[in-house]
Amino acid sequence: MTVSPPKKDAILSRARAAFLGLAIGDALGATTEFMTPGEIRVQFKVHRKIVGGGWLNLKPGQVTDDTEMSLCIARALTAAGGWDLQGIAENFVGWMRSKPIDIGSTCRKGIRDYMRKGQLETPCNEWDAGNGAVMRMAPVALFTLGDETLLRQCSLEQARITHHHPLSDAACITVGRMVQQALLGADRFDLHTITRELVETHPNFQFNNYRGNATGYVVDTLQTVFHFLFSTATFEECLVGVVNQGGDADTTGAIAGMIAGAFYGLDAFPRRWVKKMDPVIREEVEAAAAALVRLSPLLASSGERRATLRGGSR
């Protein structure tokens, strides 16, 4: 498939919006993580500024494991020029050894299992239905753009380094598909169709009667993200609605940010949010986004895509 220069430019711009949207949602939501909606109302009325703080006592614009683990994936893929599962795992190890400000227990266990046993796929576990694999889907979606079979394969491989559960698997694939379709100009109805397909297979993701749960359980996470994605009309409204639910707000914010960013584009981002972001993080996520899409099946030339698969199943 040949992509015209204007279309290519639009895709690259939306790719940057997806990855930067993830980081913005992470930074915005970290302030209200583990708070209840009532506590948020008392302290902020409505939380809508990137101010840092929260239980991690972050600086304004600082990000957490959602963005950091996503960058681990992006760095591995751009360094390899293709899919490199072992490279991703090694980057996770390096990141964990750097003593990050936060790391989820399931992610920590999976990384330790890789360190001790070289294990690239954790066994299926009923306790692995958290949102820690979905939060890092942006680079996977960008890298596999144009090949849904490759999206599915890479989504599951990166997820199962730390999380192996049917609900986590389905959530990763669904979010990846939504990001990709938004990059290609899908409308709201197209994105809603993808969520309906998820609900048909896994009815517990149903979000029509949203109950306000925003925990780290992947079902609660996606219900929160989908509710606000489809009940708001702007990037800002979507993210503000999500993070004011509290709970695992950095991750719900990150996932909402990657989908809404791809859907609405960079021009929809509040400038005050963009200016508050850590400039080093902002620069890296935007550069990584462009590099990953250039490696994707949709845009890559044969010379750019040096390796399709390195490590993991083939």
In whole Å, what are the extents of the chain along the principal axes defined by its C-alpha atoms, from largest to smallest?
55, 48, 41
Based on the mean of other Cβ atoms within 10 Å per residue, sort peptides 17-24, 253-260 so the most packed one is first.
253-260, 17-24
Sketch the reach of a paramagnetic label on Asn204 as a point 7 Å from Cα along Cα-to-Cβ, and name the residues of the range 116-134 whose backbone nitrogen lies under 13 Å away.
125-131
Which semi-axis lengths, in whole Å and largest first, follow from the square roots of five times the eigenvalues of the Cα gyration tensor of the range 90-150?
22, 15, 13
Straight-line reach from Lys276: which aspartates and glutamates fall under 13 Å, measuring Cα to Cα and dropping same-chain residues less than 8 apart?
Asp26
Compute the distance in nm between two label points, each set 7 Å from the Cα along the Cα-to-Cβ direction, one at Val46 and one at Ser105.
3.6 nm
Neighbouring Cβ atoms within 10 Å as the yardstick, rank Trp95, Trp83, Trp127 fewest first.
Trp127, Trp95, Trp83
From DSSP H assignment alone, runs of 4+ in the chain each adding -39500 (n - 2.57), the sum over residues rounded to the nearest 500 puts [θ] at 222 nm at -19000 deg cm²/dmol
Per-residue Cβ contact counts at 10 Å, fewest first, order Arg16, Arg294 as Arg294, Arg16
Membrane-span-like helices (DSSP H runs, Cα span along own axis at least 15 Å, mean Kyte-Doolittle at least 0.5) in the chain -> 166-183, 218-231, 249-264, 279-295
Which ³J(HN,Hα) values, rounded to whole Hz and listed in residue order, are derived for the range 141-146 from phi using the Karplus coefficients 6.51, -1.76 and 1.60 in 6.51 cos²θ - 1.76 cosθ + 1.60 with θ = phi - 60°, glycine and proline given as x?
4, 5, 5, 9, 3, x
Can you list residues from other chains, or at least 5 along the same chain, whose modelled amide H is less than 5 Å from the amide H of Met137?
none
If you average 1/r across every pair of different Cα atoms in the range 54-124 and take the reciprocal, what Kirkwood value do you get, in Å?
13.0 Å
Where in the chain is the longest stretch that carries no GluC sites (Glu not before Pro) classed as loop by DSSP and with at most 13 other Cβ atoms within 10 Å?
127-303
Mean-position separation - Cα centroids, the range 101-138 and the range 224-243, in angstrom:
27 Å
Once amide H atoms are built 1.01 Å from N in the peptide plane, which residues 5 or more positions from Gly53, or in another chain, come under 5 Å H to H?
Leu58, Lys59
Amide H contacts of Asp84 (H built 1.01 Å from N, under 5 Å, at least 5 apart or other chain):
Arg310
Hey, could you get me the Stokes-Einstein D for the range 25-168, Kirkwood radius over alpha-carbon pairs, 10 °C and 1.306 mPa s, rounded to whole µm² s⁻¹?
98 µm²/s
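FYI, it's all coordinate maths here, none of it is from the lab. Quantities reported herein were computed from a predicted structural model and do not represent experimental measurements. So basically every Cβ, Gly included, is an ideal-geometry build from the backbone, and we count neighbours across all protein chains shown.
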